[in-house]
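Everything below concerns the one structure shown next.
The values are calculated or read from the model by the stated rules, or taken from the named source; none is laboratory data. Just so you know, these numbers come straight off a predicted model, no measurement behind them. Cβ placement follows ideal geometry from the backbone for every residue including glycine, while neighbour counts extend to all protein chains displayed. Keep in mind that these areas ignore ligands, DNA and RNA; they rest on the heavy atoms of the full protein, side chains included. Shrake-Rupley method; radii C 1.70, N 1.55, O 1.52, S 1.80 Å.
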Amino acid sequence: MGQHWKKIWVGSAGNMVEWFDWFVYASFATYFAGAFFPAGNDTAKLMNTAGIFAVGFFMRPVGGWLLGRVGDRKGRKAALTMTVTLMSASAVLIAIAPTYAVAGYGGVAVLLVARLLQGLSVGGEYAASATYLTEASAPGRRGFASSFQYVSMTAGQILGLGLQIVLQHTLSSDELHSWGWRIPFIVGALGAAVIFYLRRNMLETEAYTEATAESTEESAAQAAERGTIRALMRHKREAFLVIALTMGGTVAYYTYTTYLTKYLSNSAGLPKQTATLVSFCALIVFACLQPLAGALSDRIGRRPLLITFAVGSTFLTVPIMTLLKHAGSFWPALGLSLLALVVVTGYTSINACVKAELFPTGIRSLGVALPYAIANALFGGTAEYVALWFKKGGIESGFYWYVAGCAAVSLVVYLTMRETRDIDLKRVGRAPGALPEAGAGKDAGKVPAS
């Protein structure tokens, strides 16, 4: 048990720093948007920074392919070490990027390169982390263990927002807009250096180690296909399933985490400090809910939680977002934000293990990485930009329906997909058909009793 927790801790700690760097870009965008673009409409500036934010998502499929391949061929440890290296480099670039007043659009170019590196990093980080945490967990505890991926992701956001609150109370608004926004990126780069050291000494998962040992008995051709697109194409159904089940969840997640602070400030009219505090408090509760929901999925299955999320997001998004716009003060905004995040927990707490449970070990990292990154590029990364586009067009409520519609599509998938809770990670995909048919035999694909 001690070794399992050590693996979970190291994987989660690295994930936290990765997502701290990823999300401070979004949470501090209201302060540095004017530094890289000429004077103009505030919403237009935010759209420009949101556009660069979205570009990072479009690099995620490349990162998913590249680092997913590394994870399947060289090990989960190698992929996780590479992701944190890329993230550290991107944080340094943003911290030293010149402003528009100094270098014109040269600063935007540096910002763009940094976001491309972040996209590569996070594109591989999600899959490597999801695979590592799922494989490192004890049988029957995968939902609980993998839930720490979103605990760590949310912890990264909480740290970013916490730092923002501290800076808001120690620096003036002018100082934050001129140079204070660089501080979190410096902190992120230093944190990434620490995690790099930890990951250099982390333990590989047993599932990967055993699969690597067994691969010595494979033909050279079979071994060469580990982590390749050709091997992934043998699991087209599972790859499509990852895209479809991610669609609604990623849009809802980024709406109520990354975009929430801007929405409360730019649309609901709350002061920036109040909007930040709402997000900070809501995310603390959200992080605490993840292991509870993950443990529940180990008892009742993954599908009930996914279905609950999709039903709630489909029917509650429009009223929640409408009421948030007219919340007016801290407590109503916090209550509505918590309601939304409780609904989203049905997806976030278990989506990592569900995706990892779909694929055999030799293609698991790439199988999670590439389809998930494609879904995030199309839906998660563009959520904020789509929201601002609707706002600029004077039909902001259209975005609420967009989020609800994406959840409705995923609901259809959740209702028809197979349950994955009892899949044996070391056996999945060895027999014809990557997963046992629903109801096909009481013991089909189950983890052996320990």
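Just the residues that are touching a residue at least 24 places away in the same chain (Cβ under 8 Å) and not in a helix (DSSP H, G or I), please, taken from the stretch 350-404.
The answer is Ile350, Glu357, Leu358, Phe359, Pro360, Gly381, Thr382, Glu396.
Quick one: how many residues across the stretch 74-98 are open to solvent by 20 Å² or more (accessible area, probe 1.4 Å) and outside any helix (DSSP H, G or I)?
Matching residues across the stretch 74-98 total 2.
Kindly indicate which of Arg234, Arg230, Arg299 is open to solvent by 10 Å² or more (accessible area, probe 1.4 Å), at pLDDT 95 or above, in a helix (DSSP H, G or I) and of a type outside the set (A, V, I, L, M). So that I can check it myself, show each step before the final result.
On the way: Arg234 fails: at pLDDT 95 or above; Arg230 fails: at pLDDT 95 or above.
Step by step, each of Arg234, Arg230, Arg299 is checked, and only Arg299 is open to solvent by 10 Å² or more (accessible area, probe 1.4 Å), at pLDDT 95 or above, in a helix (DSSP H, G or I) and of a type outside the set (A, V, I, L, M).
If I filter the stretch 223-235 for residues that are more than 19 Å from the chain's Cα centre (by Cα) and closer than 24 Å to Ile350 by Cβ, do I get at least one hit? Let's see the steps before the verdict.
Here is the first cut: in the stretch 223-235, the residues more than 19 Å from the chain's Cα centre (by Cα) are 223-235.
Okay, now just the ones that are also closer than 24 Å to Ile350 by Cβ, so 232, 235.
Within the stretch 223-235, one or more residues are more than 19 Å from the chain's Cα centre (by Cα) and closer than 24 Å to Ile350 by Cβ.
Counting only residues that are part of a helix (DSSP H, G or I) and either hydroxyl-bearing (Ser, Thr, Tyr) or touching a strand residue (DSSP E or B) at 6+ places or on another chain (Cβ under 7 Å) (or both), how many does the stretch 257-296 have? Show your work before the answer.
So the first thing to find is which residues in the stretch 257-296 are part of a helix (DSSP H, G or I), and the list is 260-266, 272-296.
When the remaining residues are screened for being either hydroxyl-bearing (Ser, Thr, Tyr) or touching a strand residue (DSSP E or B) at 6+ places or on another chain (Cβ under 7 Å) (or both), the result is 261, 263, 265, 274, 276, 279.
Of the residues in that region, 6 qualify.
Restricting to the stretch 54-70, give me the number of residues that are in contact with a Lys or Arg (Cβ under 8 Å, 6 or more places away or on another chain) and under 8 Å from Ser365 (Cβ atoms). Please lay out each step first, then the result.
At the first step, the residues of the stretch 54-70 found to be in contact with a Lys or Arg (Cβ under 8 Å, 6 or more places away or on another chain) are 55-56, 59.
Then keep just the ones that are under 8 Å from Ser365 (Cβ atoms); that gives none.
Residues flagged as in contact with a Lys or Arg (Cβ under 8 Å, 6 or more places away or on another chain) and under 8 Å from Ser365 (Cβ atoms) within the stretch 54-70 amount to 0.
For the stretch 105-115, does any single residue satisfy the condition of being within 16 Å of the chain's Cα centre (by Cα), farther than 26 Å from Ser349 by Cβ and at pLDDT below 90?
Looking for residues that are within 16 Å of the chain's Cα centre (by Cα), farther than 26 Å from Ser349 by Cβ and at pLDDT below 90, one finds at least one in the stretch 105-115, hence yes.
Within the bounds of the stretch 265-274, is there any residue that is touching a Phe, Trp or Tyr at 6+ places or on another chain (Cβ under 7 Å), farther than 24 Å from Ser146 by Cβ, touching a residue at least 24 places away in the same chain (Cβ under 8 Å) and open to solvent by 30 Å² or more (accessible area, probe 1.4 Å)?
yes
Does at least one position in the stretch 330-341 carry a residue that is of a type in the set (Gly, Ala, Ser) and surrounded by fewer than 18 Cβ atoms within 10 Å (Cβ to Cβ)?
There is at least one residue in the stretch 330-341 that is of a type in the set (Gly, Ala, Ser) and surrounded by fewer than 18 Cβ atoms within 10 Å (Cβ to Cβ).
Name every residue in the stretch 325-336 that is out of contact with any Ser or Thr (no Cβ under 7 Å at 6 or more places or on another chain), in contact (Cβ under 8 Å) with a residue 60 or more places away in the chain and in a helix (DSSP H, G or I), in order of residue number. Before you say what the answer is, go through the steps one by one.
From the stretch 325-336, those out of contact with any Ser or Thr (no Cβ under 7 Å at 6 or more places or on another chain) are 326-329, 331-336; that's our starting set.
Subset that is in contact (Cβ under 8 Å) with a residue 60 or more places away in the chain: 327-328, 333.
The one that is out of contact with any Ser or Thr (no Cβ under 7 Å at 6 or more places or on another chain), in contact (Cβ under 8 Å) with a residue 60 or more places away in the chain and in a helix (DSSP H, G or I): Ala333.
How many residues are among the aliphatic types (A, V, I, L, M) and surrounded by fewer than 24 Cβ atoms within 10 Å (Cβ to Cβ) if we restrict to the stretch 127-144?
Taking the stretch 127-144 and keeping what is among the aliphatic types (A, V, I, L, M), we get 127-128, 130, 133, 136, 138.
Checking which are surrounded by fewer than 24 Cβ atoms within 10 Å (Cβ to Cβ) leaves us with 138.
Qualifying residue count for the region: 1.
With respect to Val403, is the statement that it is of a type in the set (A, V, I, L, M, F, W, C), crowded, with 18+ Cβ neighbours inside 10 Å, closer than 14 Å to Met321 by Cβ and modelled with pLDDT of 90 or more true?
On the way: of a type in the set (A, V, I, L, M, F, W, C): yes; crowded, with 18+ Cβ neighbours inside 10 Å: yes; closer than 14 Å to Met321 by Cβ: yes; modelled with pLDDT of 90 or more: yes.
Criteria met by Val403.
Restricting the stretch 346-390 to residues that are hydroxyl-bearing (Ser, Thr, Tyr) and open to solvent by less than 10 Å² (accessible area, probe 1.4 Å), which is farthest from Leu245 (Cα to Cα)?
Let us first name the residues in the stretch 346-390 that are hydroxyl-bearing (Ser, Thr, Tyr), namely 347-349, 361, 365, 372, 382, 385.
From what is left, the residues that are open to solvent by less than 10 Å² (accessible area, probe 1.4 Å) are 347-349, 365, 372.
Numbers: Tyr347: 9, Thr348: 11, Ser349: 14, Ser365: 17, Tyr372: 9 Å.
Top of the filtered list is Ser365.
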